[in-house]
Amino acid sequence: MTTAPPEDQRRLLDLQQLDTRLDQIAHRKRTHPVLARLAEVDSRLADLDTALVASRTAASDLRREVTKAETDVEQVRTRAARDQARLDSGSGSPKDLQALQSELASLARRQDELEEVELEVMERLEAHESALAGLTSAHAEVVAQKAELVAERDAAFAELDAEAEKVAVQRAELASPLDEKLLALYERLRGRLGGVAVAALRRGRSEGSGLQVPGTELARIKALPPEEIVYCEDSGRILVRGEDAF
């Protein structure tokens, strides 16, 4: 497309402003500070989740060790009590009674050893459960922090979305009278030129490139019909001529 009514070209400038606002709103959503804080909290939560799984597994293993140690001690105590009852009854030969005394001494030593093991495992479990309680508390605190940040993010995004919706309505109203081919050209250039397809030519300066247009090119543009679509040689954007173009 090489021509468009001057008023449509000027309308493109207004359309560009609205699209730039929409791009800025989208950028503000993508780079909102709360997102970085949420990412940090999610990383901490992931670490705490891993630590909690490991800690709960270790605590479970230690509880099984305590149960086994208690069972071992109880078995020795039961056997010692049975032998002591037989010894106290005096039934059996002197040799049998002497063997019972020897076994009772051995069981007493074994019980001492097993009770030491039981005590050591219980102390380890107590220390580990204390650490697990600390991890659980820290995890709950970070979960609460995340909930606050999610609420903050949702509130901020709702505000940005409402703003974007208003701008989108304005954009739709502004774009509706424009020729489809002109809009297609505009969108194609926006996609190729980083979101900015149109710029004004003011006092011989291209706002598309920020540079002064050379005199010969400026003279050529000035001689063109108003409906002729002009492009910035440096940026490739459509140059819209207004009353202050030259």
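The values are calculated or read from the model by the stated rules, or taken from the named source; none is laboratory data. Treat the numbers as computed from the prediction; the structure is a model and nothing was measured. Cβ coordinates were reconstructed from backbone atoms using ideal geometry, including for glycine residues, and neighbour counts include every protein chain displayed. Quick note on the areas: whole protein, heavy atoms, side chains included, nothing else; ligands and nucleic acids left out. Shrake-Rupley method; radii C 1.70, N 1.55, O 1.52, S 1.80 Å.
As a test, work out the antiparallel percent of DSSP beta bridges whose residues both lie in region 103-246, rounded to the nearest 5. Within region 103-246, antiparallel bridges account for around 60 percent of the total. Taking a straight line from the alpha carbon of Lys68, these aspartates and glutamates sit under 19 Å away, with near neighbours fewer than eight places off in the same chain left out: Asp112, Glu113, Glu115, Glu116, Glu118, Glu120, Glu123, Glu126, Glu129. Considering only DSSP beta bridges where both residues belong to the chain, give the percentage that are antiparallel (nearest 5). That works out to approximately 65 percent antiparallel. Think of region 1-149 as having a plus end and a minus end, set by charges on the Cβ of Lys, Arg, Asp and Glu; of Gly134, Leu62, Gln24, Gln24 sits farthest toward the positive end of this dipole.
On a per residue basis, the convex hull of the C-alpha atoms belonging to region 102-246 measures out at 244 Å³.
When both bridge partners sit in region 160-244, DSSP labels roughly 60% of those beta bridges antiparallel. Counting only Cβ charges, +1 for Lys and Arg and -1 for Asp and Glu, the dipole size of region 72-121 around its Cα centre is about 420 debye. Summary of the geometry: region 172-197 and region 1-78, compared by the centres of their Cα atoms, lie 36 Å apart. Computed over region 73-166, the alpha-carbon pair-distance distribution with 10 angstrom bins reads 14, 20, 13, 11, 10, 9, 8, 7, 5, 2, 0, each value a whole percent.
Loop-resident trypsin sites (Lys or Arg not before Pro) (DSSP state other than H, G, I, E or B) in region 190-240 with no more than 15 further Cβ atoms inside 10 Å of their Cβ: Arg203. In whole percents, the pair-distance distribution calculated for region 140-186 from its alpha-carbon pairs, binned every 5 Å from zero, is 5, 17, 13, 13, 11, 10, 9, 7, 6, 5, 3, 1.
Note on Asp96 and Arg10: their simple-model spin labels are 12.3 nm apart, each label 7 Å out from Cα toward Cβ. When shorter helices are ignored and each DSSP H run of at least 4 residues is given -39500 (n - 2.57), the per-residue value for the chain at 222 nm works out to -28000 deg cm²/dmol. Selection among Gly215, Gly191, Gly236 by position relative to the dipole of region 189-244 gives Gly191 as farthest towards the positive end (Cβ unit charges, Cα centre).
Within region 88-120, find all residues whose amide N lies under 19 Å from a label point positioned 7 Å from the Cα of Gln75 along Cα-to-beta-carbon. Inside the label zone: 103-120. Here the accessible area of the chain is 53 percent carbon and sulfur, with a 1.4 angstrom probe and all protein chains present.
For the Cα atoms of the chain, what angle does the longest principal axis make with the long axis of helix 33-89, in degrees from 0 to 90, nearest 10? The two axes meet at around 10 degrees.
Overall shape of region 1-95 was characterised from the C-alpha gyration tensor. The equivalent ellipsoid obtained from it has semi-axes of 88, 10, 7 Å, in decreasing order. Across the options Pro226, Leu15, Gly90, the greatest Cα extent toward the positive end of the charge dipole of the chain (unit charges at beta carbon of Lys, Arg, Asp, Glu) belongs to Pro226. Expressed in units of 2.2 N^0.38 Å, where N is the residue count, the Cα radius of gyration of the chain is 2.34. Of all aspartates and glutamates in the structure, the ones whose alpha carbon falls short of 19 Å from that of Lys222, not counting any fewer than 8 places away in one chain, are Glu7, Asp8, Glu207, Glu233, Asp234, Glu243, Asp244. In this simple spin-label model, placing a label point 7 Å from the Cα along the Cα-to-Cβ direction at both Ala133 and Glu113 gives a separation of 3.4 nm. The calculated FRET efficiency for the pair Gln170 and Arg192, based on their C-beta separation and a Förster distance of 35 Å, comes to about 0.90.
Available extension along the chain between Arg205 and Glu228 is 6.5 nm, counting 0.36 nm per residue and deducting the alpha carbon span. Applying both filters, DSSP loop and at most 11 other Cβ atoms within 10 Å, to the GluC sites (Glu not before Pro) of region 180-246 gives Glu243. Heavy-atom accessible surface of the chain, averaged per residue, reaches 61 Å², computed with a 1.4 Å probe.
The phi torsions of region 180-185, fed into the Karplus equation with coefficients 6.51, -1.76 and 1.60 and a -60° offset, translate into couplings of 4, 5, 5, 5, 5, 4 Hz, rounded to whole numbers, with Gly and Pro shown as x.
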